[in-house]
Amino acid sequence: MEKTFSVISLGCKVNTYECEAVCQQMEELGYIRVSSEESPDAVIVFTCAVTNEAARKSRQMIRRARKLCPHGIVAAAGCYSQIDPEEAGDADVVIGTRHKSDLAKYILAAEKSKQIRNVEVPSQEVFEPLTLYRFKERTRAFLKIEDGCNQFCSYCVIPHVRGRERSMAPDQVMEEMKKISRFHKEVVLTGIHTGRYGREYGITLADLIERILKEVPDLARLRLSSIEITEIDDHFLNLLEASPKIARHLHIPLQSGSDEILKRMRRPYTTAEYLARVEEIRARINDISVSCDLIVGFPGESDAHFEETLRFLRACRFSFLHVFPFSARAGTPAAEMEDQVRAEVKKQRAKICLNLSEELYDRYMESLLGKEAEVLVEKSEDGFSFGRCSEYAEVRIPGVFEKGTLVKAVPVAVENHMLAAKG
Ligand code: SF4
């Protein structure tokens with residue numbers, strides 16, 4: 001009797017990648033992937049700990065997994081089960097942010113001897129290779145090339161749960177890219193701190209990208225999930241300028257538009273440095289889309305700091321914003337800070353920024369009108385196809401095109417926060 005499994009993945013692109021890689025391992029062991037509603041024999045929950053809300057959801061999903069699979073195997077993995085393995089009590093298999101390449105084997109073993117726990121952190125941290133060559137349910141593929149972080153921003157738990165920076169070996173990146181680009185036109189390089197790729201190999205992210213462009217000709221588009229402003233070096237900008245294969249979109253975490261708050265966050269730049277680099281990027285790459293992450297309601301953020309941030313967001317002419325109300329994470333310096341901002345004030349500031357993000361997105365899309373775009377088709381319905389262009393803007397094209405293909409189109413209008421292309 002074939003055994004079945006389903007997955008629940010919370011959090012970031014790294015979690016999505018790791019979750020997909022574990023699914024591939026499970027299928028290689030003979031399990032069939034089904035939806036959670038089909039009474040699977042095993043359920044895997046990839047947890048997240050980046051905010052209190054994410055931690056609450058992780059606990060909730062583990063309980064839900066047990067309900068979906070009362071007599072089968074429930075496995076919990078990831079950042080939250082690394083921090084609080086006891087809270088994953090309902091699970092038979094609990095691992096943290098390491099040992100994911102063994103997860104499928106643990107699930108198989110748990111069928112015989114229930115209760116497998118391994119949140120141990122190896123003394124010698126090496127990059128744990130997971131291989132994955134096809135995302136069954138996604139058009140653009142991810143490749144995790146880096147793990148861990150050494151920066152210790154004052155609000156962040158990630159360095160505490162994912163450990164120190166480490167990278168996938170460059171040769172293995174080439175191997176993975178060649179496999180993935182057989183099935184996917186676009187690949188997103190991702191990591192916890194992607195811009196710090198390659199230090200232990202004496203190379204930079206730009207060196208790696210240069211090699212990918214040379215050695216993986218099948219790849220049509222390469223995208224970065226995010227990159228810190230301090231890690232956008234001239235080598236990278238030269239490559240971006242020279243190669244249209246590199247997506248014309250950079251997601252560059254900002255977190256605050258106030259220097260005083262950036263200092264409290266332990267972010268390694270000032271607003272002046274950030275803006276200067278963004279303007280340099282814009283001067284060199286026309287129409288590039290620049291978006292950012294933003295935390296509102298950080299401890300000590302006054303109305304004046306927030307006004308400063310709003311002015312700075314407009315000055316940067318972002319194409320959109322990812323907005324996060326500050327969430328005090330136990331074990332981080334920011335959680336102990338005085339002047340915690342009231343929840344309703346955080347909510348209000350988040351709402352103002354989300355409205356601004358919509359306004360900025362529409363304005364940015366207007367700047368793309370009349371310019372030919374190359375759209376990666378993600379779906380088709382009612383005689384139209386939908387996907388994202390190199391600048392990561394959503395585009396609607398008349399006609400039905402195959403999912404996963406790149407289609408050239410000229411946007412002529414902005415409708416419902418989307419570019420409408422002519423037929
Ligand atoms: S750079 Fe800062 S925010 Fe990003 S993972 Fe590292 S500590 Fe967290």
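The values are calculated or read from the model by the stated rules, or taken from the named source; none is laboratory data. Just so we're clear, the structure is a prediction, and the values are computed from it rather than from any experiment. Methodologically, a virtual Cβ is constructed for each residue, glycine included, from the backbone with ideal geometry; neighbour enumeration extends over all protein chains shown. Remember, those area values only see protein heavy atoms, side chains included, never the ligands or the DNA or RNA. Shrake-Rupley method; radii C 1.70, N 1.55, O 1.52, S 1.80 Å.
Annotations
- Consider segment 90-122 and keep the residues that are outside any helix (DSSP H, G or I) and of a type in the set (Lys, Arg). The one that is most open to solvent (accessible area, probe 1.4 Å) is Lys112.
- Apart from one condition, His184 fits all of (1) part of a loop (DSSP other than H, G, I, E, B); (2) within 16 Å of the ligand (Cβ to nearest atom); (3) open to solvent by less than 40 Å² (accessible area, probe 1.4 Å); (4) in contact with a strand residue (DSSP E or B) (Cβ under 7 Å, 6 or more places away or on another chain); the exception is (2).
- Under the condition of being more than 13 Å from Cys23 (Cα to Cα), charged (D, E, K, R) and without any contact (Cβ under 8 Å) to a residue 12 or more places away in the chain, the residues counted in segment 97-137 number 1.
- Selection from segment 131-143 of residues that are open to solvent by less than 70 Å² (accessible area, probe 1.4 Å) and more than 17 Å from the chain's Cα centre (by Cα): Thr131
- Filter result (in a helix (DSSP H, G or I), over 30 Å from Ser390 (Cβ atoms) and not β-branched (Val, Ile, Thr)) within segment 321-376: Pro333, Ala334, Ala335, Glu336, Ala343, Glu344, Lys346, Lys347, Gln348, Arg349, Lys351
- Looking only at residues in segment 225-268 that are away from the ligand (no atom under 12 Å from the Cβ) and basic (Lys, Arg), the one that is most open to solvent (accessible area, probe 1.4 Å) is Lys263.
- Condition check for Pro85: of a type outside the set (Asp, Glu), open to solvent by 70 Å² or more (accessible area, probe 1.4 Å), under 27 Å from Glu28 (Cβ atoms) and more than 16 Å from the ligand (Cβ to nearest atom): no
- For segment 273-302, filtering for residues that are of a type in the set (Val, Ile, Thr) and more than 22 Å from Ser225 (Cα to Cα) leaves 0.
- Any hit, segment 163-170, residues being farther than 23 Å from Cys19 by Cβ and part of a helix (DSSP H, G or I): yes
- Output for segment 62-82, where each listed residue is part of a helix (DSSP H, G or I) and more than 20 Å from the chain's Cα centre (by Cα): Ile62, Arg63, Arg64, Ala65, Arg66, Lys67, Leu68
- Ser167, sole failed condition from (1) open to solvent by 20 Å² or more (accessible area, probe 1.4 Å); (2) touching a residue at least 40 places away in the same chain (Cβ under 8 Å); (3) among the polar types (S, T, N, Q): (1)
- Looking only at segment 187-204, and only at residues there that are open to solvent by less than 10 Å² (accessible area, probe 1.4 Å) and more than 13 Å from the ligand (Cβ to nearest atom), the one that is farthest from Val14 (Cα to Cα): Gly198
- Selected residue (criterion: least open to solvent (accessible area, probe 1.4 Å)) from residues of segment 44-61 that are part of a helix (DSSP H, G or I) and not aliphatic (A, V, I, L, M): Ser58
- Members of segment 129-161 found to be assigned to a loop (DSSP other than H, G, I, E, B) and away from the ligand (no atom under 14 Å from the Cβ), listed by number: Pro129, Leu130, Thr131, Leu132, Tyr133, Arg134, Phe135, Lys136, Glu137, Arg138, Thr139, Arg140
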